[in-house]
Amino acid sequence: MLDVVIGLVFVFLLYSLLATTIMELLAGWLSLRGKNLEKALRNMLASAGDKRRKVQFFEHFKSNSIYEQLKGKAVGKKSPPSYLSSEKFRLILTQVIDDQVEGESFRHKVELLPEGNMKNSLLQLLDDAGQNFGRFQGKVELWYDDVMDRASGWYKRSTQAWLLFLGLGIAVVFNVDTLSIYRRLAQDPELQKQVVEMAQAFVQANEQAASAQIYSPETQEKISTLVNQNIEALESPLGIGWDEINVPGMDPVDWAYKAFGWLITALAISLGAPFWFDLLRKLVNVRSSGQTPNTAPVVTVNTGGASTSSSVPSSDQIVG
């Protein structure tokens, strides 16, 4: 039974990585990280009162030279930066306030800002810093980091929804039916052995690829090659694809079972590749040694808002 579970988890991992690759292409094309960053910044810089003044302040922030230099290009036009450090945020914010508001001191300038979250937050940070501008700057950076942590959470939840729809599309287009795959694995010990050997080789190869501290294009290319090779090798033995399906001969009950199998696959893909890699690695180690495995090697990656760690790349780690 353990071999059957390993086989299913391996299939989920391969197609999760495929969905991740597609998701990253979409994220880059649609500038999803940049839009998420700008949404978070807009919320931070929000104020009450005159709408024109609110828009102007945010536009002044975005037109700052430091911010402009971080912009990229997507679909032939400039796209928002996918990442802005806390230091650069603090520099831009204080410079925009200095340039746009006339006052006797920085606190006086903050007091002249329109009522709203930004003004209230900055006044609280000034009071907490004891009016010491150096300490205030550090607290502004911590404030920004806290907001970006939440923004990263928004992006991950959004990505998971995208992965669910991508997973369903992949399941239908490639006919990745979990119920059918389970039946084949359960009924064929030789197939179980073959898939487990492939899973072990995949885990071993990717642990070696994950030895770098930063997820490099070379590592991405190696993992992508391994995914394509393994998917191609598993398609026929596991009945993945439409070649062996007699579509005209299927009745409504057959379609219902197949739709349920596709749904299970889509839900599995939405959990993300890091989840399945970690689980597969543990299962493979349990099968090999019968002991609880140690923690997986860690790859530190830039997610566009904060640094996170995982065993393999996720939908918000490959690009940006």
Check your understanding: For labels at Asp243 and Phe165 in the simple 7 Å Cα→Cβ model, what's the distance in nm?
Key -> 3.2
**Study point:** Fewest-first sequence of Val286, Val173, Val147 by Cβ atoms within 10 Å of each Cβ
**Key:** Val173, Val286, Val147
Study note, to complete from the structure: Residues Thr21, Thr265 in order from fewest to most other beta-carbon atoms within 10 Å are Thr21, Thr265
Exercise for review: Report the full-extension gain for the segment Lys35 to Glu102: residue separation times 0.36 nm, less the Cα-Cα distance, to one decimal in nm.
Suggested key: 21.0 nm
Check your understanding: Expressed as a whole number of Å, what is the distance separating the alpha-carbon centroids of segment 62-140 and segment 147-209?
Key -> 42
Point to revise | Rounded FRET efficiency, nearest 0.05, which uses the C-beta distance separating Asn132 from Gln194 and R0 of 41 Å | key: 0.05
Check your understanding: How fast does segment 1-147 diffuse by Stokes-Einstein, in µm²/s, taking the Kirkwood radius from C-alpha pairs at 37 °C and 0.692 mPa s?
Key -> 185
Review point. What is the extension gain from Gln124 to Glu111, computed as 0.36 nm multiplied by their sequence separation minus the C-alpha to C-alpha distance, in nm to one decimal?
Key: 3.6 nm
Check your understanding: If amide H atoms are built 1.01 Å from N in the plane of the peptide, which residues on other chains or at least 5 residues away come under 5 Å of the amide H of Gly72?
Key -> Ser79
Practice item. Note down the magnitude of the dipole of segment 32-152 about its Cα centre, charges +1 on Lys and Arg C-beta and -1 on Asp and Glu C-beta and zero elsewhere, to the nearest 20 debye. Key: 760
Practice item. Compute the FRET efficiency between Ser289 and Thr225 as 1/(1 + (r/R0)^6), taking r as their Cβ-Cβ distance and R0 = 25 Å, and round to the nearest 0.05. Key: 0.30
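Quick note: the coordinates plus some simple rules give every number you see, no bench work behind them. Computed from a predicted structure; not experimentally measured. No Cβ is skipped: glycine too gets one built from the backbone with ideal geometry, and neighbour counts run over all protein chains shown.
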